[in-house]
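Okay, so here's the structure we're looking at.
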Amino acid sequence: MNITIGHFLMISAALFAIGFYAALRRRNIILVLIGIELMVNAAVINLVAFANVNKNGNAQDGKLMALFAIVLSAAAIALALAIVVKVYQHFKTINPDEVEEFKN
Amino acid sequence: MNWLSILIFLPIAAALVLLLMPKGAAKVFRPVAITIGVVQTIIAGILYVKYLSNPQGYQFVERYDWINLNLGTFGRLNIDYFLAVDGLSLGLLLLSAFVMTIAAIASSEIQKDPKAYYTLFLLLSAAIMGVFCALDFFLFYVFYELMLLPMYFLIGMWGGPNREYAAIKFFLYTLFGSIFMLLVMIGLYFSVIDPITGEHTFNMLYMMDAANYTKDSYFSIFSSDALLFNYPVRFLGFIVLFIAFAIKIPTIPLHTWLPDAHVEAPTPVSIILAGVLLKIGGYGIIRICYGIFPEAAIYFSYWIGLIGVISIIYGAFIALASTDLKRMIAYSSISHMGFVILGIASLTSEGVNGAIFQMISHGVLSTMLFYLVGVIYQRVHDREIAAFRGLAQPMPRYTMFVVIAFFASLGLPGLSGFIGEAFTLIGAFKSASVNALLPRGFAILAAVGILIGAAYFLWTLQRMFFGAARFKGAEEWNLKLKDLTATEYVVLIPLALITILLGVFPSLLFDASNNTINAWVHETWIHGIANLKSMQSLLKF
Amino acid sequence: MNQAITYQVDPLLQVLNVSAMGFIMPLLGFAFLSLFTLKEKTVWYVAISALVASFFSLVVFFKPLVHAHQYFTISWFQIAQSNFQVTLLMDDTCFWVLTMIHLVTLMVVLFSGYYMKAEQRIEKYFAYILLFFTAMVALVMVNNLMVSYIFWELVGFASYALIGFWRTKESAILANRKAFIINRIGDLGFLAAIFILYNQFATLNLQSIEVLVQQSPNNTTSLYWASAAILIAIIAKSAQFPFHVWLPDAMEGPTPVSALIHAATMVIAGVYLLLRISFLFPLEVLLLLKYLSLFSILMGSIFAMVQNDIKKILAYSTISQIGFMLFAISIGNNQLALFHLLTHAFFKAALFLAAGAFIHENKSQDIRLLKGVSKQMPLVFYAYTVASAALIGFPFTAAYLSKEGIVYAAFSQSGFNITNVLLVVSVLLTSIYVSRMWFHLNADKTATKLQSNPLAMLLPILILSIASLFFIFSINPLHLESMWLAIKLDHVPFVFSLGMIAMSLFGVLLVKYTPVILNPNESNRLVLFLQNGAYIDQLYEMVFVKPILKLAAVLKWLDRHVVDALVDGIAKLAITLAKISDWFDRKVIDGFVNLIALIAKRFGDLIRISQTGRVQTYFLLALMMMAILAWFIY
């Protein structure tokens, strides 16, 4: 069986859907963050997959972009986790439904 | 020296000083007010003596540009600061200064918020002086309105239980009059031209001369179509001004504010009201209504005289039926001021001189009467006639002053009331044969008012002061009803002396007023008849 | 008066003259007494010395000026072009009336020292007497109607104060009010006359008016009105019908006051004024006066016949006697009127003072209770008898001369007619009421004699009764041959005199032998009617006083409930209008604005639902927005 670009895209779409669901529905903010991370990873898979398909330009561009995205998401996660710690200290919970300070 | 400006601004300066003083200095407020009053009286006295040496025309004139605005297409707005007095206003000025002094002395009963009280009091004093001195209509109006405000507060804040009603009534009545006065004043401004500069002017003396009206202005007698509601505008102007001043005097049927205001006002305010403010009505009619619209004055003199006669009799009858002493005196004021109207309407020198004398005499007498009411009200807080009987027993000296005041008011010769009443009536009677303005019956009917006057004063004397002593408050009142105190003597003795002095030497006032009034009567008659002739075409309705 | 000379002397001399006339001393006395509270004796001395000083100046300064018929003129004040002056007149008439006033006042003040002993406020009493005296003297001397009016009212005021001197006595304070108000009606007549004359002649000086009247006799209409108006003043002041009602009531005052003011001086002011001004009166008005005065003469004497109060009898007698004086003027005999005025003053003052002595010692005014006074105080009673004889008009009294003169003048003028017969009847009636009084006072012969007769009581009564005798005025008891008075009377025929005397005697005998007259039956309707003065008082009360008070009450009601209600109504209307516009403003205009605001709010609320405050919702929304955005781009 020949592995085509379509297979990569299906996996990343499934991954994105799983992440999307986790980010919206989970009651634990850590799992929400994991969901977001899954969505970022789905995007990174797409980047790597399209890098292989594209023959016209520089073949390394897509891989470089993937690496950059991984680093950025790691930094963002670190910041998000720090906020989560602070939120926990303040509200004594990490359930996003109970944190309604943004209202009003 | 700018004597008149000093008279006006002295109390204002004193009021400012009072405002700067701490509340704790309440003790000095009354002495300050009294001092100002005394100084004003002395100044007015000096002016009076100076004037007597040559009692002709306007004197002590002060005239400056006050407001001079360029209004573009409307031309320039010219308002002068123009003060002067003549034989008509001088006596009233002296009376006002004197009455204000007496009122300041009588203010000892005021306990609530003395600072505000005396500030308003002094402001009122300034406004009153200004009204009698101003010869610029705008300036007159400013002072006239300025008088209203302190008076409203003085009644409304320091008055009796129903004071707000009385104060509002007073305020609305007067405002009603003065708003229309404002209209006429503006109309006059746009009709009259200063013969020297050729610009519009508020100067009353220019308004009195028909030659100064621009040809087709509203108030010009030469304009052929000066009709409003099919009526000559000048006549309407006269009526409106007359109503404004008739409210002040007051005449029937515009009098109902007076009894309420008097009954509710504290003693010193009643004194000012009766002693000075009512005179502004009479002064305004002579100076402004008759001065500016002589033809309307002649045209309506029958009705004006009738109003005077009805006021005399109506006021006397209601005084006869009154059960409250202060209300009785208030209605007797209406009756006595009716003589003023009648005298003015006669347009004879006797009548108008008598009217001025009557105003001054009534100023002194009503001051005395209201003060006398205040004396017993302060002691027992009651002034129902029926509550007292035989007051002469505990208070013989007080009764003596009451007898003087009552007999002077009912026109006993030798006291001031007689001269004024007699000469207004002589004038009214003479009018029929001199200028045919009033029928003779008016004088006779008004004389009946004198009779009823005697009835109610004597009846009150008999009921309240004579007989065996018996009071509503029984023993408690017997202790409270002490004879006069030193302060009360200080107030009453000068008043009684002036009453006697004016009664015996009426020349004291007539010498000052006679020349002015002779000229005034002459000019009013000449101008009035000439204007009536010019307006002949308008008088077909 | 035909050779009137007006002297214009320098002001200082004028002042001196006036003060010499004795205004100043009594006026000072008045001021002094009314301001200070003094011991009773001191008060009395002050009053007496003021009067003596005035009397002295009358004799020493005034008398020498009399024959020159002088006027002294002082400028008072000026109005229009008219100069109002105080003109003092000095002529015989003036001098004699002044002398009478001085004498009577002096006697009354003397007597008051006895009568008013130990009264409260005695200094006020004498102060008012002095005020009255000053005003009365001035009233007699001034010759200007305006100034006359002033003193005319001032004597009225003094009378008011003195009638009501006992201020706690209810009847007295009602009487003085009545006296003043009825005199006020007369004063209105006086004022009206002043208006008319001033209007006509532009002056109020009587001598100028007299000249002007003589110059142009054709302005009669105004003279009719003026004389009719002043007639009202005269009959009110002189207590003639229909204005007599105040005089009997005025007897509530102290008796010396009645003697001075309500018998001898003030009430004759009307007569005196008429003497001065009678040149104005047209014949028709004089005729009216004639009937009025005749009516008063009869009415006064008839009422006097049934009274039991000695002072009321004397009061009605005064009304009747003043009627005689006015009658004399009405038939054109001014000199007789003046003569009767003088004689009446003395004998009536004597009668009043004697009555005062009786009342003071017996504490009663009822003649039936005073029956022993002839024995109690014989000397006073003799004096009283002399004065009574004068009142009846018996020979050897001065009043015989004057009264007989008046009756004879009436007959010689118009012969035998009904008015003159009535005049004679009134002489009879006078005789009846006087002798009735006399018999009553002389009824009890057993009374004990009074221990002490103070000189202050005795002296004035005796002097005044002596002054009622003929020799004061005339050396001939049966005809006036005066040493001083410049009065010329017609010689009365002997038969006429005899008839008059017989008439008077008949009256005395009638009383003596007719008990019904002496003691009228008090249950008799007619007697009751007369005793109450024909109920004229009640009539006035019903016709004038009550309706006036009613009218006043009605006007007061109207003032409160119509005139004032109108004003309040207008104010209420304004407030109601304000309330309506307030409602409109609130409900309609504001409502519209609020509606718009409400719509905006509801819309906002709708949007607001999305704002849950939950991170995940926002996240979802953000993605949805991105999706929509993407959909738009492609």
| task | Of all residues in the stretch B:1-38, count the ones that are of a type outside the set (D, E, K, R) and over 17 Å from B:ALA127 (Cβ atoms). | result | 17
| query | In the stretch C:226-249, is there at least one residue being assigned to a helix (DSSP H, G or I) and more than 29 Å from C:SER317 (Cα to Cα)? | reply | yes
| field | Within the stretch C:138-188, considering residues that are at the interface with chain B (Cβ under 7 Å from one of its Cβ atoms) and hydroxyl-bearing (Ser, Thr, Tyr), the one surrounded by the fewest Cβ atoms within 10 Å (Cβ to Cβ) | value | C:THR168
| How many residues are under 22 Å from B:ARG287 (Cβ atoms) and either without any contact (Cβ under 8 Å) to a residue 40 or more places away in the chain or more than 18 Å from the chain's Cα centre (by Cα) (or both) when one looks only at the stretch B:228-270? | 9
| task | For the stretch B:498-529, name all the residues that are away from chain C (no Cβ under 12 Å) and farther than 30 Å from B:ASP209 by Cα. | result | B:ILE498, B:THR499, B:LEU501
| said: What's the number of the only condition in (1) touching a residue at least 60 places away in the same chain (Cβ under 8 Å); (2) under 17 Å from C:ALA193 (Cβ atoms); (3) more than 9 Å from chain C (Cβ to nearest Cβ) that B:PHE401 fails to meet? | reply: (2)
| message | Can you find a residue that is closer than 30 Å to B:TRP303 by Cα, out of contact with any Cys (no Cβ under 6 Å at 6 or more places or on another chain), more than 9 Å from chain C (Cβ to nearest Cβ) and surrounded by fewer than 19 Cβ atoms within 10 Å (Cβ to Cβ) anywhere in the stretch B:419-436? | response | yes
| Looking at B:PHE60, B:PHE9, B:PHE29, which is the one that is on the phi > 0 side of the Ramachandran plot, surrounded by 14 or more Cβ atoms within 10 Å (Cβ to Cβ) and in contact (Cβ under 8 Å) with a residue 24 or more places away in the chain? | B:PHE60
| note | Restricting attention to the stretch B:236-251, the residues that are under 16 Å from B:PHE300 (Cβ atoms) and touching a helix residue (DSSP H, G or I) at 6+ places or on another chain (Cβ under 7 Å) number exactly 11
| said: It is to be established whether one or more residues within the stretch B:365-377 are buried (at least 24 other Cβ atoms within 10 Å of the Cβ), of a type in the set (Gly, Ala, Ser), within 14 Å of another protein chain (Cβ to nearest Cβ) and in contact (Cβ under 8 Å) with a residue 40 or more places away in the chain. | reply: no
| said: Where the second residue is among the hydroxyl-bearing types (Ser, Thr, Tyr) and the first is more than 12 Å from chain C (Cβ to nearest Cβ) and lies in the stretch A:10-23, which pairs have Cβ atoms under 9 Å and are six or more apart or on separate chains? | reply: none
| note | Of all helices (runs of 4 or more DSSP H) fully inside the stretch A:2-104, the set with 2 or more residues that are of a type in the set (D, E, K, R) is A:61-91
| remark: Residue hits (the stretch B:303-333; touching a Leu at 6+ places or on another chain (Cβ under 6 Å) and either in contact (Cβ under 8 Å) with a residue 40 or more places away in the chain or away from chain C (no Cβ under 11 Å) (or both)) are B:GLY305, B:GLY308, B:VAL309, B:PHE317, B:ILE329, B:ALA330
| message | Anything in the stretch B:170-209 that is touching a strand residue (DSSP E or B) at 6+ places or on another chain (Cβ under 8 Å) and of a type in the set (Asp, Glu)? List them, or say none. | response | B:ASP194, B:GLU199
| For the stretch B:168-182, does any single residue satisfy the condition of being of a type in the set (Gly, Ala, Ser), surrounded by 22 or more Cβ atoms within 10 Å (Cβ to Cβ) and more than 30 Å from B:ALA26 (Cβ to Cβ)? | yes
| request: Please indicate, with yes or no, whether at least one residue in the stretch B:100-123 is aliphatic (A, V, I, L, M), out of contact with any helix residue (DSSP H, G or I) (no Cβ under 7 Å at 6 or more places or on another chain) and closer than 28 Å to C:ASP568 by Cβ. | output: no
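Results for (1) buried (at least 24 other Cβ atoms within 10 Å of the Cβ); (2) in contact with a strand residue (DSSP E or B) (Cβ under 7 Å, 6 or more places away or on another chain), shown as yes or no for each residue.
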| residue | (1), (2) |
| --- | --- |
| B:ILE310 | no, no |
| B:GLY315 | yes, no |
| B:ARG327 | no, no |
| B:GLU350 | yes, yes |
| B:PHE357 | yes, no |
| message | Give me the helices (runs of 4 or more DSSP H) completely within the stretch C:320-397, filtered to those with at least 1 residues that are of a type in the set (Asp, Glu) and touching a residue at least 24 places away in the same chain (Cβ under 8 Å), ordered by residue number. | response | C:334-362
| query | Do you know which residues across the stretch B:448-493 are β-branched (Val, Ile, Thr), surrounded by 18 or more Cβ atoms within 10 Å (Cβ to Cβ) and over 22 Å from B:GLU421 (Cβ atoms)? | reply | B:VAL491
| Among the residues of the stretch B:164-195 satisfying the criterion of being in contact (Cβ under 8 Å) with a residue 60 or more places away in the chain and more than 22 Å from the chain's Cα centre (by Cα), which is farthest from B:ALA210 (Cα to Cα)? | B:TYR165
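With respect to C:LYS579, is the statement that it is at pLDDT 85 or above, part of a helix (DSSP H, G or I) and away from chain A (no Cβ under 14 Å) true?
So C:LYS579 passes the test.
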| request: Kindly establish whether C:ALA193 is more than 10 Å from chain B (Cβ to nearest Cβ), within 21 Å of the chain's Cα centre (by Cα) and of a type outside the set (Lys, Arg). | output: yes
| request: Using the structure shown, decide if B:PHE406 is more than 9 Å from every other protein chain (Cβ to nearest Cβ), out of contact with any strand residue (DSSP E or B) (no Cβ under 6 Å at 6 or more places or on another chain) and modelled with pLDDT of 90 or more. | output: yes
| remark: Matching residues in the stretch A:43-81 (closer than 18 Å to A:PHE8 by Cα and within 14 Å of chain C (Cβ to nearest Cβ)) number 1
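The values are calculated or read from the model by the stated rules, or taken from the named source; none is laboratory data. Nothing here was measured: the structure is a model prediction, and the numbers come from that model. Using ideal geometry, Cβ is built from the backbone for each residue, glycine included, and neighbour counts are taken over all protein chains shown.
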